[in-house]
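Here is the structure we will look at, set down as structure tokens.
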Amino acid sequence: MNRNLGETSLRRRRRSVDPMHAYDSLPTPLRQWLSEAVLPWSPISARKIWMRAQAKGLNIDDALDLLCRSEAQTLARDKRAIHPTE
């Protein structure tokens with residue numbers, strides 16, 4: 001059972017924190033981006049990228065662009081997305 005994670009060859013990980021609490025504590029622009037993301041991001045992973053962008057002094061749009069690029073790189077590693085089996 002894939003539990004709403006879709007068909008992906010990427011490794012899944014167990015989390016030790018409450019994902020809904022972590023999600024609710026995210027900034028609004030980041031929550032909005034996560035709600036439209038292609039991949040099922042963990043709030044912790046998204047927050048790490050967001051905080052790294054903030055530390056570099058990036059504005060909100062640049063931080064969201066960084067998340068989009070990170071997602072594209074992850075999708076590029078997904079073997080099923082590149083070579084779907086029929």
Revision key, fill the gap. Residue 80 meets each of (1) over 13 Å from the mean Cα position of the chain (by Cα); (2) surrounded by fewer than 12 Cβ atoms within 10 Å (Cβ to Cβ); (3) at pLDDT below 95 with one exception, condition (2)
Exercise for review: Working carefully through the options 61, 65, find the one that is farther than 21 Å from residue 9 by Cα, of a type outside the set (Phe, Trp, Tyr), free of Cβ contacts under 8 Å to residues at least 60 places away in the same chain and surrounded by 12 or more Cβ atoms within 10 Å (Cβ to Cβ).
Suggested key: 65
Practice item. Within region 20-31, count every residue that is surrounded by 12 or more Cβ atoms within 10 Å (Cβ to Cβ) and in a helix (DSSP H, G or I). Key: 5
**Study point:** Residues of region 36-77 satisfying the condition of being modelled with pLDDT under 95 and assigned to a loop (DSSP other than H, G, I, E, B)
**Key:** 37, 38, 39, 40, 41, 42
Practice item. Among the numbered conditions (1) open to solvent by less than 60 Å² (accessible area, probe 1.4 Å); (2) within 14 Å of the chain's Cα centre (by Cα); (3) modelled with pLDDT under 85, tell me where residue 12 comes up short. Key: (1)
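The values are calculated or read from the model by the stated rules, or taken from the named source; none is laboratory data. Quick caveat: nothing in here was measured; it's all calculated off a predicted structure. Positions of Cβ are backbone-derived with ideal geometry, glycine not excepted, and every protein chain shown enters the neighbour counts. SASA here: full protein model, heavy atoms, side chains in, ligands and nucleic acids out. Shrake-Rupley method; radii C 1.70, N 1.55, O 1.52, S 1.80 Å.
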